[in-house]
Amino acid sequence: MMSVDDVNCRGRPTDVTLEFPAGAKAGITGRSGAGKSSLISVLTGQLLPDSGTVAMPSGGIGYIPQDPGTTLLPNRPAVDSICEFARDCVGDVPKVLASLGLDPQLAERRPSELSGGQRQRIAVARALIGNPDLIIADEAFSALDSDTSALLEQVLLGTDATVLLISHDIARLLRTCTHMVVLADCRVVFSGDLDGL
């Protein structure tokens, strides 16, 4: 279970209350400036609310930023980027890379030795390593090549983790998500189950 209860941040999220059951696939959308990035900052602990509470799953968070391929450690082998925020994960790297269609040996290459699509998948692997209970994908699909995008969608739908997809792509969210949240002016204007819509 992941919940946000009456969270307020000065000039940012206002009276935000959300609750997602374990394993939910939730889409979060809204126009530019609606408060999506600020909500992500609250969920990832980068922004502390002035009031309200945030209850996160105990099993860690995987985060896929808007341009994932640019977030890798430039002078280190890819395995160091994958395991940057996870302990004792090196043994899990080959399996995660294989699930993303990559040769596990690529983990020993530096980002400059990888193609753009390979760098994107390495960054996705970092979010998936350790089987986190929550995965947040912040407009990540818009920066991915089509093959990586399709593969990521498949992986995210197949995981037991709660997944938050932040996107302007309403069609994708309706196709892939079980829940939808719409933000406007830093407030939740819609939050509901998509079953039956």
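A compact table of results
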| item | result |
| --- | --- |
| Gain upon complete extension [residue 67, residue 37; 0.36 nm per residue less C-alpha separation] | 9.4 nm |
| Dipole magnitude of the chain, debye to nearest 20 (Cβ charges: Lys/Arg +1, Asp/Glu -1, about Cα centre) | 340 debye |
| Fluctuation leader among 171, 22, 184 - the chain, Gaussian network, Cα springs under 10 angstrom | 171 |
| Pairwise label distance in nanometres, residue 6 with residue 154, each label 7 Å out on the Cα-Cβ vector | 4.6 nm |
| Cα-based helix-to-principal-axis angle, 146-158 vs the chain, degrees rounded to 10 | 60 degrees |
| In segment 1-54, trypsin sites (Lys or Arg not before Pro) in a DSSP loop with at most 12 other beta-carbon atoms within 10 Å | 10, 31 |
| Accessible area, probe 1.4 Å, largest first, for residues 5, 80 | 5, 80 |
| Heavy-atom accessible surface of the chain: percent carbon and sulfur, 1.4 Å | 47 percent |
| Residue list for segment 126-166, given a label point 7 angstrom along the Cα-to-Cβ vector of residue 193 and an amide N cut-off under 18 Å | 162-163 |
| Heavy-atom surface of the chain, accessible at 1.4 Å and reported per residue (Å²) | 49 Å² |
| Fraction of beta bridges assigned by DSSP in the chain that are antiparallel (%, nearest 5) | 45 percent |
| Estimated 222 nm signal from helices in the chain, with DSSP H stretches of n ≥ 4 weighted -39500 (n - 2.57), rounded to 500 | -7500 deg cm²/dmol |
| Trypsin sites (Lys or Arg not before Pro) restricted to segment 85-160 and DSSP loop, no more than 11 other C-beta within 10 Å | 87 |
| Farthest positive-ward along segment 93-197 dipole, Cα basis, beta-carbon charges - from 176, 143, 163 | 143 |
| Spin-label model distance (nm) - residue 174 vs residue 88, 7 Å beyond Cα toward Cβ | 4.7 nm |
| Rounded to 10°, Cα long-axis angle of helix 116-128 versus longest principal axis of the chain | 60 degrees |
| Which of 89, 105, 129, positive extreme of dipole for segment 85-197 (C-beta unit charges) | 105 |
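The values are calculated or read from the model by the stated rules, or taken from the named source; none is laboratory data. Being a predicted model, the structure only gives us computed values, none of them experimental. Neighbour counts are summed over all protein chains in view; Cβ atoms, including those assigned to glycine, are modelled from backbone coordinates with ideal geometry. Just so you know, the surface numbers come from the protein's heavy atoms only, side chains and all, with ligands and any DNA or RNA stripped out. Shrake-Rupley method; radii C 1.70, N 1.55, O 1.52, S 1.80 Å.
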